Amino acid sequence: MELAIEKNNLMAAWLGDNWLGNHIPDSILAQVVIGLVVLLALVLLAAWLTRRVVVSVARRMLTAIGREDWSEALHRRRVFRHVGYLVPLLVLTINVTLLPITERYVGPVSRFLQAVCLVFFFIAINGLLKAWLDTYEATTRAQTRSIKGYLELAKIILWGICVILVFSLLIDRSPLLMLSGLGALSAVLLLVFKDTLLSLVASTQMTTNDMLRIGDWIEMPQANADGFVIDIALHTVKVQNWDKTVTTIPTYKLFSESYRNWRHMFESGGRRIKRTLRINAATVRFLTEDEIRDLSRFHLLKDYLAGKEAELIETNRSLGELAAEEVNRRRLTNLGTFRAYALAYLKQHKELRQDMLMIVRMMEPGSEGIPVEVYCFSANTAWVEYERIQGDVFDHLIAILPELSLQLYQAPSGADFVYGLRGGEVGGPGQARALPNYSR
């Protein structure tokens, strides 16, 4: 490398026409050492001023205006550190001609240092975007509007610009020349970034239409996803399933394919209970007068039976002489009375939503008995509490069936046939009881 101190050299301009400038050693090695010492002093001074003064003042200003979260996020993402590297590099780039380097080598060295400065600049910008995401995710708005996808797209664009600028600096060509060459590669770029473009459109649509939020419980069987959304990025959405595994779903699939979102159920404040009791058809019959009087002691049936009794008396009176035959008279059934009891029980239950649909209906009988469906909403949407409430409701309804001479349908097992062959008794030792007679 050719080294010489020249009149147009930056060091010569600094020293000027004075005793110091006129007494520069003629030795090339001495000139290099002097240049390196001066550059080192400038770089160290710039680094100290940046880290101790500029960064400290910036953090204190952010804290003073109530943006301490930004100060912590910028520090955590090392933005201040990268700025602390960038400023000394800029000082080194500007003053590189302090070294006795001829014009032949000044250009390449300067361009290389500029490229390094650009890399650190874009690293700092990348850290700034991450800090923005950190502060945004700490707000309540982040639960409804995720900006992670947009920031990831911005990072891709920024690094693309960085690569173009660094490459153009190293080969000493205009960035516009490289950009014009990218037009010929547009088809290839579209193919390479196909998923990115699809995900960008999907992320924009989902955010605009409020289709998905962090914390939503979604079900997507085709992706084996059933759990809470824990992350929404540009390319993927992460769902933590109930077994604590994590399913990663491409973002565009959540826009192009169907899935179930339970968020509105939680927002409504009521979680649906829909369960069927299958009644043994052989146990359904009319109630006798004595049984009706006995059931009148039930608080939940007292008003119902009183009203029905008056209605039946009026209806049967209108039949005249036909009412003498029992088959012509209108009578209460134990199944109908059970449905009335179940509905009354639901209406007085304090942990059920009384302002939402509540019904107990009999569905089409089948080979597995007569289905009686209970349809209502619990007042607590949390899973554990919901299951407790549902269990309490059906525990009670199943336990009340024998009071109305009803039984649940249950497919016979091998033990049932054995007990039947042994004498028609079911139950374990000490609990044997005769099988009910359903012939009447």
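What the table below lists for this structure:
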read-out	value
Residue in segment 354-372 that is over 20 Å from L332 (Cβ atoms) and in a helix (DSSP H, G or I) present	no
Yes/no for R330 being assigned to a loop (DSSP other than H, G, I, E, B) and over 55 Å from the mean Cα position of the chain (by Cα)	yes
Residues located in segment 195-231, provided they are more than 8 Å from the chain's Cα centre (by Cα) and of a type in the set (F, W, Y)	none
Top-ranked residue in segment 398-422 [being part of a helix (DSSP H, G or I) and either β-branched (V, I, T) or in contact with a helix residue (DSSP H, G or I) (Cβ under 6 Å, 6 or more places away or on another chain) (or both); ranked as farthest from T288 (Cα to Cα)]	V418
Sole residue being over 21 Å from T381 (Cβ atoms) and either exposed (fewer than 13 other Cβ atoms within 10 Å of the Cβ) or in the same structural domain as L129 (by TED's automatic domain parsing) (or both), chosen from S256, S296	S256
From the options V384, V374, V418, residue that is surrounded by 14 or more Cβ atoms within 10 Å (Cβ to Cβ) and among the β-branched types (V, I, T)	V374
Filter pass, R59 being at pLDDT 80 or above, of a type in the set (D, E, K, R), touching a helix residue (DSSP H, G or I) at 6+ places or on another chain (Cβ under 9 Å) and under 26 Å from W132 (Cβ atoms)	yes
Residues (among the basic types (K, R), in a helix (DSSP H, G or I) and surrounded by 12 or more Cβ atoms within 10 Å (Cβ to Cβ)) located in segment 53-91	R59, R76, R81
Count of segment 333-351 residues which are touching a residue at least 60 places away in the same chain (Cβ under 8 Å) and either aliphatic (A, V, I, L, M) or not in a helix (DSSP H, G or I) (or both)	1
Selection from segment 231-249 of residues that are in a strand (DSSP E or B) and at pLDDT below 90	D231, I232, T236
Conditions (1) without any contact (Cβ under 8 Å) to a residue 24 or more places away in the chain; (2) part of a strand (DSSP E or B); (3) in the same structural domain as L346 (by TED's automatic domain parsing); number of the one not met by T276	(1)
Members of segment 250-268 that are touching a helix residue (DSSP H, G or I) at 6+ places or on another chain (Cβ under 9 Å), in a loop (DSSP other than H, G, I, E, B) and not acidic (D, E)	T251, Y252, S258, Y259
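The values are calculated or read from the model by the stated rules, or taken from the named source; none is laboratory data. Nothing here was measured: the structure is a model prediction, and the numbers come from that model. Here Cβ is always computed from backbone atoms with ideal geometry, including for glycine, and neighbour counts include all displayed protein chains.
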